[in-house]
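Peer 1: Before we start, here is the structure in question, set down as structure tokens.
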Amino acid sequence: MAHRYVESPIDGLLLHGEGDTLVAIDFGAEPVQDETSDVLEDAAAQLQEYFAGERREFDLPLAARGTAFQQRVWAALAEIPYGQTMSYGQVAARLGLVPGASRAIGSANGSNPIPIVVPCHRVIGANGTLTGFGGGIDRKRTLLALESPGLF
């Protein structure tokens, strides 16, 4: 597995790749000696463009590991447009699930190994509150404010 450290406005990020795919991004990373790859260099460049406000969508080969249900949820997250949010219940409805599936959506959302690129930060509580985010609420708020200044 290759890895690449990236400094960002939300702290250090450690990108992980296998072969020609991005498989994970970790928050709060410390600088490490990079063992990088082409996909990680592309991911680092695209993340820098995103944080500079120059990129709204990522174009990277991804290989997140998860259950079939998690994969469905992550695919739905990837469809939430830049600068917009959706509630856990709305994600459940988009997947044709019953409204009570919000907790399962939240669990899958929290297991997303490729945050930012797969925008789990765009999922909020039904009442508009910033709830749950593996990177912490402050990082979630920063990402949402980057995409929609003045909204959060």
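Peer 1: Among Gly96, Ala68, Leu151, whose Cα sits farthest toward the positive end of the charge dipole of the chain (+1 at Cβ of Lys/Arg, -1 at Cβ of Asp/Glu, about the Cα centre)?
Peer 2: Gly96
Peer 1: What's the local net charge at Glu7, with K and R +1, D and E -1, over the other residues with C-beta under 13 Å away? Intermediate results must be reported in sequence, preceding the final value.
Peer 2: Numbers: positive: Arg4; negative: Asp11, Glu30, Asp34.
Net charge in that neighbourhood comes out at -2.
Peer 1: Arg65 versus Gln48, label points 7 Å from Cα toward the beta carbon: distance in nm?
Peer 2: Using points 7 Å along Cα→Cβ, the separation is 3.0 nm.
Peer 1: For Glu35, what charge total do you get from the other residues with a beta carbon under 14 Å from its beta carbon, if Lys and Arg give +1 and Asp and Glu give -1? Numbers along the way, then the final one.
Peer 2: Details: positive: Arg4; negative: Glu18, Asp34, Asp38, Glu41.
Net local charge, Glu35 excluded: -3.
Peer 1: Assuming 0.36 nm per residue, please report the length gained on full extension of the stretch Arg103 to Asp26 beyond their Cα-Cα distance. Numbers along the way, then the final one.
Peer 2: Values: separation 77, 0.36 × 77 = 27.72 nm, distance 2.32 nm.
Gain on stretching Arg103 to Asp26: 25.4 nm.
Peer 1: Helices from the chain with mean Kyte-Doolittle at least -0.5 and a Cα length along the axis of 30 Å or more, per DSSP H: which? Intermediate values should be presented prior to the final figure.
Peer 2: Values: long enough: none.
The qualifying helices: there are none.
Peer 1: With a point put 7 Å past each Cα toward its Cβ, work out how far Ser148 is from Leu95 in nm, to one decimal.
Peer 2: 2.1 nm
Peer 1: So between Asp34 and Ile137, what do we pick up on full extension, going 0.36 nm a residue minus the alpha carbon distance?
Peer 2: That pair, Asp34 and Ile137, stretches by 34.3 nm at full extension.
Peer 1: Given a 1.4 Å probe, how much area per residue of the range 2-141 is accessible, in Å²?
Peer 2: Averaged over the residues of the range 2-141, the accessible area is 48 Å².
Peer 1: Under 8 Å for C-alpha pairs, at least 6 residues apart: give me the relative contact order for the range 31-108, rounded to a whole percent. Walk me through the numbers on the way to the answer.
Peer 2: On the way: 41 pairs, mean separation 16.7, N = 78.
Normalised by residue count, the contact order of the range 31-108 is 21 percent.
Peer 1: Continuing with the same structure: Of all accessible surface on the chain at a 1.4 Å probe, what whole percent is carbon and sulfur?
Peer 2: 49 percent
Peer 1: Follow-up. Please compute the net charge surrounding Gly89, taking Lys and Arg as +1 and Asp and Glu as -1 over other residues with Cβ under 15 Å from its Cβ. If you can, show how the numbers build up before the last one.
Peer 2: Details: positive: Arg94, Arg103, Arg122; negative: none.
Residues close to Gly89 contribute a combined charge of +3.
Peer 1: Run the dipole for the chain about the Cα centre, Lys and Arg Cβ at +1, Asp and Glu Cβ at -1, nothing else charged, and hand back the magnitude in debye, nearest 20. Working shown, then result.
Peer 2: Numbers: 11 positive and 18 negative charges, 211 e Å.
The dipole of the chain has a size of about 1020 debye.
Peer 1: Among DSSP beta bridges whose residues both lie in the chain, state the antiparallel percentage, nearest 5. Don't jump to the answer; show the numbers that get you there.
Peer 2: Numbers: 12 of 15 bridges.
Here the antiparallel bridges make up roughly 80 percent for the chain.
Peer 1: Could you work out the percent of alpha carbon pairs in the range 68-146 separated by over 14 Å, rounded to a whole number? List each step's numbers first, then the result.
Peer 2: Values: 1682 of 3081 pairs.
Tail of P(r) above 14 Å: 55 percent of Cα pairs.
Peer 1: Continuing with the same structure: With contacts defined as alpha carbon pairs under 8 Å and 6 or more residues apart, what's the relative contact order of the range 2-49 in percent?
Peer 2: On the way: 90 pairs, mean separation 19.2, N = 48.
Averaging sequence separation for qualifying contacts and normalising by length gives 40 percent for the range 2-49.
Peer 1: Turning to a different aspect of this structure: Calculate, axis by axis, the spread of Cα positions in the range 17-152 along the three principal axes, and write the results as whole Å, longest axis first.
Peer 2: Between the extreme Cα coordinates on each principal axis of the range 17-152 lie 44, 36, 24 Å.
The values are calculated or read from the model by the stated rules, or taken from the named source; none is laboratory data. As the structure is a prediction and not an experimental result, all values here were calculated from the model. Cβ sites come from the backbone with ideal geometry, for glycine too, and all protein chains shown count toward neighbours. Protein only, heavy atoms only, side chains kept; ligands, DNA and RNA dropped before computing areas. Shrake-Rupley method; radii C 1.70, N 1.55, O 1.52, S 1.80 Å.
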